[in-house]
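Notes follow once the structure below has been shown.
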Amino acid sequence: MTESDAACLAAAARGDGAAFTQIVDAHERAVYRFVQSLGLRGADADDALQETFIAAWRAAGTFRGEGSARSWLLAIARNVVRHATRRHVGEPADFESLDDIALAAGWGRDPLEEVAERQRADLVQRALARLSPEDREILVLRELEDLSGEDTAAALGLSLAAMKSRLHRARLRLTAALRAALPEDDRNG
């Protein structure tokens with residue numbers, strides 16, 4: 001990107017669509033992964049992604065640069081997902097994303113490597129599913145999206161100290177959940 005995210009958002013606030021397109025291009029995948037990590041799939045995840053960037057376009061002038069643009073976008077996405085899940089409580093997830101289908105098909109992968117990776121991913125998913133939504137979101141932001149501590153705190157509306165404490169507890173809970181998800185024979189070895 002030739003301009004910083006802050007400059008792009010400032011230009012977008014003045015109506016510069018090309019500057020906002022740079023923001024979308026730079027952060028779309030991260031926002032989509034985050035939305036999916038919070039439980040939305042298929043059309044619901046696509047809708048949340050679109051709603052996140054619509055909200056960001058409308059609020060571009062409110063970005064103050066206290067955290068990164070990515071943490072700001074992820075905070076918006078978090079609110080969009082919370083709103084969407086409140087609207088759709090109890091509805092079944094009928095859609096499967098194209099990315100999930102391609103991964104399941106194992107495009108371009110060694111089949112044995114694919115099986116081992118899928119087993120590890122299943123183990124992690126089962127462990128994550130045992131965690132609270134708050135633990136999952138902080139782990140996704142820090143570990144998967146690789147946000148800094150400051151940006152994670154900003155995205156979650158926490159102080160840095162509170163974020164660190166919450167992250168430590170979430171990591172411990174994930175470790176315990178991973179151990180619990182292991183087959184009995186593997187726990188002792």
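The values are calculated or read from the model by the stated rules, or taken from the named source; none is laboratory data. Predicted model, so just to flag it, every value in this text is computed and none were measured. We place every Cβ from the backbone using ideal geometry, glycine too, and count neighbours over all the protein chains shown.
For segment 56-76, check the following and say yes or no: at least one residue is at pLDDT 90 or above and more than 28 Å from residue 160 (Cβ to Cβ).
Yes, there is a match, as at least one residue in segment 56-76 is at pLDDT 90 or above and more than 28 Å from residue 160 (Cβ to Cβ).
Which members of segment 1-54 meet the condition of being of a type in the set (Ser, Thr, Tyr) and touching a residue at least 24 places away in the same chain (Cβ under 8 Å)?
Listed by number, the residues that qualify are 37, 52.
Can you tell me which residue within segment 141-172, out of those that are among the hydroxyl-bearing types (Ser, Thr, Tyr) and not in a loop (DSSP other than H, G, I, E, B), is surrounded by the most Cβ atoms within 10 Å (Cβ to Cβ)? Give the steps one after another, and end with the answer.
Initially, segment 141-172 is screened for residues among the hydroxyl-bearing types (Ser, Thr, Tyr), giving 148, 152, 159, 165.
Keeping just the survivors that are not in a loop (DSSP other than H, G, I, E, B) gives 152, 165.
On the way: 152: 27, 165: 12.
Checked segment 141-172; the qualifying residue surrounded by the most Cβ atoms within 10 Å (Cβ to Cβ) is 152.
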